């Protein structure tokens, strides 16, 4: 029983076979650049790059769109608010509200940014299992604490979820039905508190078990990564494209 | 007289916030080559005793002596844990790596073995326990019995000199229980088993210790029906 699925992590495409270390490095640079970019040209370049990755990864279009939809359902709210509150030249009037040109441009920029980053991460990060990512981060000499945090968070999400299911089943078999009343709220509060206490206890026991097996704060990995020529090519092409994006970002004002 | 492997001398231990101590001037010995059962009602301190030996809990008074040396500091217990293996009551607490092989290799890696050596030891231990072919299985998807055997493999992979087992048969079916009995009979090291199961103890140990708060009463055969 596995409550958390990683549907994108399995596959035999080129992107799946690339060394995760290269993917992590490119993904980090890519997201930072896209997050700070202010010009549409840069972002469109990034979007094109991300779409190429996505195609290389042969991730199901339907599943990918499903994820994007989830992200964009949050962004929709920005479209309700931002264009009408951002100061600038008025463009459209909706009843008493006025949408500014700058507001619309700004919201568009945010929308483009988020989608570009999500597509990029979907292609680069989601195509490796979380555990492999953690090990890749470790071998890139990122801080141990960060890697452990990632690995343990992932590992114990399952436990957390199972514990939650068990508790809520126990409530159900005793006839609990959520309603809008104090009894329901109180029961949910108990559930949350019990989940916290139990998870804490479990974390304690797991740590004890680890200490008994000689754990002293360092994880040794059995995984060895092998850097191949295709990884160098991927890294070089991606970095060049990103450099081009950066150039466009800096020179963007002059180009347009 | 032979020197005991494990000795608890005049141990006093109270859980924080508890009204009465679990142990008061408690004494216990495990002699080399012994296979000992620990029995006693729930809450009599059997698990606590194992945790005191491993240094997961520290007594308020008294001495823990292991392999003839007093251990009181974390530094010393680190050394103890390399040689004494503890099988936890709940296998879910023990297994935390994604795959079985990684989990079994975790201990040897911590002992400073190279990845290749660790994998070799892990595979050998798994073979010994009849777990070949489990290498890439995902630990949280194993059945209860499989989890227990894999947990045992993770402990035995560290090649301990003493094995402590905390209610190893809880929730096991007859077949797995028999398998566990066979495995324990084949072991050449001393072990200590906490169990409430008379039959299981009959097959695995020759003596039982009835745990009281001040002493451990050794009885030659498992006392049938008494607090079991």
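Mind ranking B:138-147, A:85-94 by how tightly packed they are, going by the mean number of other C-beta atoms within 10 angstrom, highest first?
The packing order, highest mean first, is B:138-147, A:85-94.
Binning at 10 Å from 0, report for the protein assembly as shown what percent of all alpha-carbon pair distances ends up in each bin.
Reading upward from the zero bin: 4, 15, 21, 20, 16, 11, 8, 4, 1, 0.
Where q = 0.11, 0.16, 0.19, 0.22 Å⁻¹, what log10 of I(q)/I(0) comes from the Debye formula for the range B:73-205, counting one point per Cα?
So the normalised log intensities are -0.36, -0.78, -1.10, -1.44.
With no solvent and one equal point scatterer placed on each C-alpha of the range A:142-212, evaluate the Debye formula and give log10 I(q)/I(0) for q = 0.22 Å⁻¹, two decimals.
-0.99
Show me B:126-132, A:134-140 ranked by packing, highest mean number of other Cβ atoms within 10 Å first.
Going by the mean number of other Cβ atoms within 10 Å, highest first, we get A:134-140, B:126-132.
Alpha carbons only, please: Rg and Dmax for chain B, in angstrom.
Rg and Dmax of chain B, Cα atoms, are 17.4, 51 Å.
In degrees, nearest 10, range 0 to 90: what is the angle between the Cα axis of helix B:115-128 and the longest Cα principal axis of chain B?
Around 80 degrees separate the two axes.
Would you tell me the mean number of C-beta atoms belonging to other protein chains that fall within 10 Å of each C-beta in A:215-222, as a whole number? Present the calculation step by step, with values, prior to reporting the outcome.
On the way: counts 7, 3, 0, 2, 4, 11, 4, 12.
For this peptide, the per-residue mean of nearby foreign Cβ atoms is 5.
Test of understanding: ordering B:195, A:31 by Cβ neighbours within 10 Å, fewest first, what list do you get?
A:31, B:195
Over the whole of A:199-212, what's the average partner chain Cβ count within 10 Å per residue? Rounded to a whole number, please.
6
Taking the highest mean first, how do the peptides B:77-83, B:153-159 order by number of other beta carbon atoms within 10 angstrom per residue? Display every interim value, and only then the final one.
Working: B:77-83: 18.6, B:153-159: 24.1.
Ranking, from highest mean packing down: B:153-159, B:77-83.
For helix B:100-110, report the angle its Cα long axis makes with the longest principal axis of the Cα atoms of chain B; keep it between 0 and 90° and round to the nearest 10°.
That helix lies at roughly 60 degrees to the long axis.
Take every Cα-Cα distance within the range A:14-119, group them into 10 Å bins from 0 onward, and report for each bin the whole-number percent of pairs it holds.
14, 37, 31, 14, 5, 1
Taking N as the number of residues in chain A, what is its Cα Rg relative to 2.2 N^0.38 Å?
1.29
Just for chain B, what percent of DSSP beta bridges are antiparallel, to the closest 5? Don't jump to the answer; show the numbers that get you there.
On the way: 18 of 35 bridges.
Bridges in chain B that DSSP calls antiparallel: roughly 50 percent.
No lab work stands behind these numbers, since they all come straight from the coordinates. Predicted model, so just to flag it, every value in this text is computed and none were measured. All Cβ positions, glycine included, derive from the backbone under ideal geometry; neighbour counts span all protein chains shown.
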